[in-house]
Amino acid sequence: MDGDGFLSDILLDGRDAEVGGLDDLTIPMTQDTQEVDAQVQPSRSTSKGSKRSKNFHWKEDEVVCAAWLYVSKDPINGANQARGTFWGRVHAYFEEHKETEAVRTESSIMHRWLTIQHQVNKYCDCYEAVERRNQSGQTIQDKISEASKMYTGLDKDKKQFTLLPCWNILKEEDKWKSKRIEIAEMDKQAATNKKQKSTKVSRPRDEEGTSNQQGKDDVPQETQARKRADGIKKAKENLRRGGGEACLAALDAMWAKKEVSDKEKEKAKHERFMASIELDKEALELEKKRAATEEKRAEAELIKQEKEIMFADTTSLNPLQREWLETMQKEIVARRVAK
């Protein structure tokens with residue numbers, strides 16, 4: 001699955017079909033794979049003597065993940081890097097920190113990260129599904145085992161998840177969580193585009209011949225149903241171009257919607273605050289009751305000790321012990337009288 005020859009469908013279903021190079025691979029347009037001229041060379045070789053490099057070792061996978069995080073979290077260049085520059089820095093980090101002797105090209109590092117990104121993201125979904133079950137008595141190891149079984153069950157080739165070291169590195173990183181959100185949005189947009197394409201099916205010719213007028217009536221309704229509401233920027237632009245009252249009405253509607261949303265958020269925030277106060281009150285009452293119980297227990301223990309001293313048998317005591325006992329009895333009587 002690794003090296004310069006990679007997998008064309010790894011971003012879709014995780015299969016290990018071999019491809020020749022970048023021209024055969026569809027790369028998501030995310031921050032670290034922007035649409036620029038690629039600086040990595042295709043991996044397919046026309047020479048008969050060329051050999052495919054060995055699969056990535058798990059230690060190399062860890063360095064790939066660390067390299068991606070290091071370059072992505074760069075506070076100066078992290079969000080403004082062309083694809084070639086980004087992967088050049090990732091490759092340089094990999095070469096500096098790798099613990100194996102394997103030689104990896106920029107292209108192979110990029111392809112390996114795409115494999116890791118796809119499979120770890122899929123495993124994260126499985127692990128979150130296991131956590132949502134909220135089964136009592138389940139340890140973290142149990143959840144990992146259950147998520148691994150779920151991953152294998154969902155994979156159409158029934159392949160096991162073998163990137164736990166990468167998952168452990170990425171799972172708590174904010175940059176990785178942001179990447180997962182970005183991938184989910186891309187998948188959602190792709191699904192929406194696919195659905196829109198599937199609805200654009202031509203009507204049969206026999207229906208066109210008999211219902212031309214009905215077709216004319218249906219087109220505006222369908223178009224109106226598919227039309228999305230203008231955003232704030234679009235509405236402002238229309239206003240500048242002379243959109244007039246329609247644009248003003250659109251802006252008023254959006255601001256009204258925003259105000260309703262803000263009020264709901266404020267109400268929910270107030271409810272959470274009040275609930276927190278109630279919980280604090282209950283905790284305080286419990287603490288008072290616990291302190292009172294402890295005080296009663298200590299008082300009972302003190303009375304028990306005082307009884308033993310007050311009713312002690314002095315016949316077997318020597319004069320010194322009898323004198324100490326009498327002194328203690330006087331102190332007990334004085335303390336009780338004072339109360």
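Brief remarks follow.
- Our estimate of slack between Ile183 and Lys330, defined as 0.36 nm per intervening residue step minus the Cα-Cα distance, is 44.7 nm.
- Heavy-atom accessible area, probed at 1.4 angstrom with all protein chains present, ranks His97, His111, His118 as His97, His118, His111, highest first.
- Computed from backbone phi, the HN-Hα couplings of region 274-289 come to 5, 5, 5, 5, 4, 5, 5, 5, 4, 5, 5, 4, 5, 5, 5, 4 Hz, rounded to whole numbers (Karplus: 6.51 cos²θ - 1.76 cosθ + 1.60, θ = phi - 60°; Gly and Pro given as x).
- Of all accessible heavy-atom area on region 120-165, the percent that carbon and sulfur account for (1.4 Å): 47 percent
- Charge tally around His97: other residues with Cβ under 11 Å, Lys/Arg +1 each, Asp/Glu -1 each, net -3.
- On full extension, the segment bounded by Ala129 and Lys54 gains 23.6 nm, given 0.36 nm per residue less the C-alpha separation.
The values are calculated or read from the model by the stated rules, or taken from the named source; none is laboratory data. All of these numbers come straight from a predicted model, not from anything done at the bench. All Cβ positions, glycine included, derive from the backbone under ideal geometry; neighbour counts span all protein chains shown. Calculation scope for accessible area: heavy atoms of the full protein, side chains included, ligands and nucleic acids excluded. Shrake-Rupley method; radii C 1.70, N 1.55, O 1.52, S 1.80 Å.
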